[in-house]
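See below for the structure under consideration.
The values are calculated or read from the model by the stated rules, or taken from the named source; none is laboratory data. Because the structure is predicted, anything quoted here is derived from the model rather than measured. Neighbour counts run over all protein chains shown; Cβ positions are idealised from the backbone, glycine included.
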Amino acid sequence: MNCRRILHFSMFVSFFIFSLSLKATQTPSDKGIFVPNAGQWPKEVKFMAKTPTMNLWITNKGIIHDLYSIQKTKAKKSSFMKHGHAIKMNFLGGIISSVKGMNSSGTIMNYFKGKNPDSWFTGINSYESVSLDNVYDGIDIVYSFDNSAPRYDFHVKPGIDPNKISIAFEGANSTSIQNGAVELQTRFGSLKNGQLYAFQVDENGTKHQVQCSFKQENNALRFTVGNYDTKRTLVIDPLVYSTYITGSGTDVINKITMDLSGNILAGGYSDSPDLPTVTGSYDAVYNGSLDGIVIRFTPQLSKALSYTYIGGGGDDAVNSIAVSASGNIFLGGETSSANFPISTAWKDEYAGGIDGFVAKLSSDCTQLKYSTFLNGSGDDKVLAIAPRDNESVLVGGMTNSQNFPTDNGAFQRLKKSLNDGFLLELKPTASSGVNFSTFIGGDGEDKITGVGYDPAYLSVFFAGTTASGLSATYPVPTTGMFGDPSRKPWNNIFRGKDDGFVGKFNIAGTPSQTNGHYLGYLSSNLNDRVNALIPLDDGTVVVTGETEFGSGTTTFPTTGSTTSGKGGFDIFITRISVNGRSIQNSGVFGTSGKESANDIKFIKETTQILVAGYTNSRDFSNTQSGSAVTDGDYGGGTKDAIVMKVSNDLSDVSFSSLYGGAGEDEAMGVTDTPRGDIFIGGYTTSEDLKVFQESLEKTGSANKNGFIGKIAFGTIAMTSPSSYGVFCQGTNVSFNWTKEGVTVTELVAIQISSDKGITWNTIANNVQGTSYNWKVPDTVKAGTVYRARVLNIASGLRDESDTTFLIGLGTVITQQPQGDSLCVGSRFRMVVQGNGKGTYEWKFNGNLIQGARDSVYIIASVKESDKGDYTAVVNTGCAATTSQLAALIIKPTTKVLNPPQNTTVTAGNPIILSVNCKGLKLTYEWQVDGFKISNAIDSVYTIPTSNTGNAGKYRVIVRGECGVDTSALAEVIVNPASSVHDFTQDSHSNGIALQVLNNTNDDNMYCTVETNIQGNASISLVSNMGETVATLYKGMSIINESRQFPLPNGLPSGIYWLIAKIGNQTSSKQIAIIH
């Protein structure tokens, strides 16, 4: 079974911003583009862009938002009125001087405007965004598009005050701040500057939002900005959008074709943007409003390769477009521009009114190889063209010019009445004139709407409609005895009203073979109109158009389809035999309403006939005449576009499709690809026309907008990824898909999107088969969620994955664990953090700690054995990483290792007690018999000269950072010396003599000292515990001289020691004081 999938990706032709409908392909194109001023606009203009609701002009005097609608006036058919409202945004105190384009769109703009080639501008690159540099010192403004809405970003450089920015709007009916947005009232509704978003980007590329709002100060608007890092750039980002939907002009596609590279060419007309000269509301007669336009699209309709405008000061339209065998592009149309661009012309003078034209462009549309008027003194229109192998071009149309140029050998040299059709062939160089030119018409309204050559270029075909009959048919039957009444076309009788006609002449534009050339009527008892033709390789020709059934039975010739009960107008497709004596095949297709076909193509691969047009029948269905059910539902408007694929014998409709919305939708052109896919082009007024996510322009309007659509046959379905997964840089992601109705040799592209399908990036192109393994490169941004799709390159068929997947971040440890130095029994806590959710493992001295799988690791009470190096292995999705070392140091517990020892001394000798401990930040407290000894705070306690009162039990209390310990008791025994008296005792030691005397005169005690030693001397009175009670002398000794020193008064009873030190010699004397 041959399955199909209809791709709706339409293109609304609103100047540069287009919209694809019937379902899109490939990369994003819903953004607008900015076109630099290369001279095509006034000098003050820097860049221009167009949205569905306005023209945006970036000038050196400010930004102009031109909201407008173009309407035909009722008084005059060809007159237009422009109803607009221009609002200018001024940057108070700022200067717009340097404006540059950024991010090339890849779309080239060409302007052939006016007669002077110096005013033609081609090869102009367009951009996705523009930067207004240094509008304020240190502040740039960047304009871009967000879903066809302009967005302008203030880039405030580090250290610059955003309060410099001051905005004033000129031309609005009123300006106010409503719900955080600046609301500008216009004649059409509200234009808003809102959805304000301010942010900064950190070194990891992460956006951090900054609070920001509009504030009004007198007539100016400023920004109130919250706290932010002044060392980084601040971006303030408002969006411009409207609360109404209106079209900003009229844009129509009349015909489409395909170039030699498979690109789609669309020809039609579009309103020409004009810089408004006033601000506020305005109404003006809009002359020169329409220009002919040619747009080149990629085969997937994902991108416009170029836009080419051709026209002058009047209205201009491309009615027909064709490509020659050498790739040149031929245009046929009409103009009311006296200054229409003319080059190497057959007719180079504008004759007034409406003139026909033919133009020849290079394949990339950047060169106007020739352009010529086809005109007389009246109105002339080119409606159909067909180039041949030598670059001659066959032209058909209509004229009411009595003096329209014809050649002497013309089939009909003189014009009959009203409008006649014309048929001519321009020579390869238009300035060389024509090979032939002839009228085709009668006494009413006549026109030629289709032309073509036979494959050998021996004959020309033409077809059209006449309202009063032609001046002649061919061949003419003969009478008499030897006459041949059968020598006539299939029908040579005009039946009244509108009749179609079809002709085949020799290459010189005249009929010369009675059994090979013809001109006859294709008609019924009601109205019949031929709108298009296609010559076939076998010498036959197929034509299509509309025939009126009314409410009864038609006499329109058919060869297989029913001729009754259809109603209104129906589509006919008719095939004329090689010699024109008969109708080879003919069918009528329609339902209760009106159907009409505007274009026809022959599908060589299947020998089927393809037609496109419109229907207003809500019950349109090919089940009445074909083998397949119509695809799509009626859109609900006044008419829908239709496309049908009909069998070679015109008896069966194998495919048909509707496309439309709530407005008016009509297909004007159709073409196909070797693969069998179908393109249609036309116009729509539907605001709800279905468009694909990545359409160039998603918003329709009540005015006419052009559209391009593609219908691709077959199905492609993505089967994996089928469940959410995390993939790391350097690992493989497996993509799989199935195909049906798609050839094995057709290649696909694999694309991924990080913005929910708005934009797609191709990661693999020209992929064969039904699977692809993608090794995620380091250049793909990690930490991003993607959706995948597979795209059939030839057809545009695509399918998205059912789920998303994450490119995991390489693990980054954002918080390293910290070591510590602790006492035994303390609580030890370490924390590690990665950049996202993930897994954790802790290691001790390189060995995995069982059960330690959290970002926090705690030891409630550390032991000596816990000291060592700790690390954490963190994995937040990709590429686990190990933290830095975190060392746990166990501080020593305070402990007495070697306590003071028992000791026995003889009075007068020193007592030395010491303790050896471990620990940090130790302090010591010595005690004797449980009492604290003052100033005894070292690890060694010394009594320089002991006495019997120093005897006792000593201990030391040791305090440190990790605890307290007390030594064992050490007993000190002091034995009295044998020479000591009960109360006083003199001592002579090493040349020092001490003596204590009572002075009976003043009842004071004195000591005398006599020495034979020269040196520094000190004499002290010390308690029995070794504490200094008084210093009696400090100075130099005097040899052999007895000196006297008074002892302190009021000494309590007890044992004291008098100690004299001279040089390195010491002498002591015990004193007993009894009260």
Problem set entry | Hey, Asp380 charged (D, E, K, R) and modelled with pLDDT of 95 or more or not | yes
For this session: Among the numbered conditions (1) buried (at least 16 other Cβ atoms within 10 Å of the Cβ); (2) modelled with pLDDT of 90 or more; (3) under 35 Å from the mean Cα position of the chain (by Cα), tell me where Val785 comes up short.
Result: (1)
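Condition test on Tyr840, is it closer than 30 Å to Gly963 by Cα and either modelled with pLDDT of 90 or more or not hydroxyl-bearing (Ser, Thr, Tyr) (or both)?
Considered against the rule, which asks whether it is closer than 30 Å to Gly963 by Cα and either modelled with pLDDT of 90 or more or not hydroxyl-bearing (Ser, Thr, Tyr) (or both), Tyr840 comes out as no.
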For this session: Could you check, for region 333-351, whether at least one of its residues is of a type in the set (Ser, Thr, Tyr), closer than 27 Å to Leu797 by Cα and in a strand (DSSP E or B)?
Result: no
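For region 788-803, which residues satisfy the criterion of being assigned to a loop (DSSP other than H, G, I, E, B) and either modelled with pLDDT of 90 or more or buried (at least 24 other Cβ atoms within 10 Å of the Cβ) (or both)? Full working, then the answer.
Start the filter on region 788-803 by keeping residues that are assigned to a loop (DSSP other than H, G, I, E, B), which leaves 793-797.
Those that are assigned to a loop (DSSP other than H, G, I, E, B) and either modelled with pLDDT of 90 or more or buried (at least 24 other Cβ atoms within 10 Å of the Cβ) (or both): Ser795, Gly796, Leu797.
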For this session: Give Thr372, Thr277, Thr308 a once-over and let me know the one that is of a type in the set (Val, Ile, Thr) and not in a strand (DSSP E or B).
Result: Thr277
Exercise. Can you tell me which residues in region 906-927 are of a type in the set (Val, Ile, Thr) and either crowded, with 19+ Cβ neighbours inside 10 Å or touching a helix residue (DSSP H, G or I) at 6+ places or on another chain (Cβ under 7 Å) (or both)?
Worked result: Ile911, Val915
Seminar exercise, completed: Pairs returned, first residue in region 531-551 that is charged (D, E, K, R), second residue that is assigned to a strand (DSSP E or B), beta-carbon separation under 6 angstrom, 6 or more apart or interchain, are Glu546/Arg529; Glu546/Phe569; Glu546/Ser596; Glu548/Phe569
Exercise. What are the residues in region 411-427 that are surrounded by fewer than 23 Cβ atoms within 10 Å (Cβ to Cβ) and under 14 Å from Ala345 (Cβ atoms), if any?
Worked result: Lys427
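Just for region 466-502: of the residues that are of a type in the set (S, T, N, Q) and either free of Cβ contacts under 8 Å to residues at least 12 places away in the same chain or not in a loop (DSSP other than H, G, I, E, B) (or both), which one is surrounded by the fewest Cβ atoms within 10 Å (Cβ to Cβ)?
Going residue by residue through region 466-502, those that are of a type in the set (S, T, N, Q) are 466, 468, 471, 473, 478-479, 486, 491-492.
Those still in the list that are either free of Cβ contacts under 8 Å to residues at least 12 places away in the same chain or not in a loop (DSSP other than H, G, I, E, B) (or both) too: 466, 478-479.
Details: Thr466: 28, Thr478: 13, Thr479: 9.
It comes out as Thr479.
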Exercise. Out of all the residues in region 531-551, which are buried (at least 24 other Cβ atoms within 10 Å of the Cβ), within 19 Å of Pro489 (Cβ to Cβ) and in contact with a Lys or Arg (Cβ under 6 Å, 6 or more places away or on another chain)?
Worked result: Val542, Gly545
Exercise. Could you say whether any residue in region 367-376 is surrounded by 24 or more Cβ atoms within 10 Å (Cβ to Cβ) and more than 30 Å from Phe297 (Cα to Cα)?
Worked result: yes
Seminar exercise, completed: Just one listed residue, out of Pro428, Pro455, is free of Cβ contacts under 8 Å to residues at least 40 places away in the same chain and within 51 Å of the chain's Cα centre (by Cα), and it is Pro428
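When you go through Arg222, Arg232 one by one, which is the residue that is assigned to a strand (DSSP E or B) and either at pLDDT 85 or above or among the charged types (D, E, K, R) (or both)? Can you show your working first?
On the way: Arg232 fails: assigned to a strand (DSSP E or B).
Only one candidate passes the filter, namely Arg222.
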Exercise. Restricting the search to region 406-426, which residues are touching a strand residue (DSSP E or B) at 6+ places or on another chain (Cβ under 6 Å) and part of a loop (DSSP other than H, G, I, E, B)?
Worked result: Thr406, Asp407, Ala410, Phe411, Gln412, Lys415, Asn419
For this session: Collect the residues in region 426-460 that are at pLDDT below 95, of a type in the set (Ser, Thr, Tyr) and farther than 23 Å from Leu361 by Cβ, keeping them in residue-number order.
Result: none
For this session: Name the residue, out of Phe12, Phe47, that is at pLDDT 60 or above and either small (Gly, Ala, Ser) or closer than 27 Å to Gly189 by Cβ (or both).
Result: Phe47
Exercise. Just for strands (runs of 3 or more DSSP E) wholly inside region 90-172: which have at least 3 residues that are surrounded by 19 or more Cβ atoms within 10 Å (Cβ to Cβ)?
Worked result: 98-113, 121-136, 139-146, 149-156
Problem set entry | Gly613 vs. criteria in contact with a Pro (Cβ under 7 Å, 6 or more places away or on another chain) and buried (at least 21 other Cβ atoms within 10 Å of the Cβ) | no
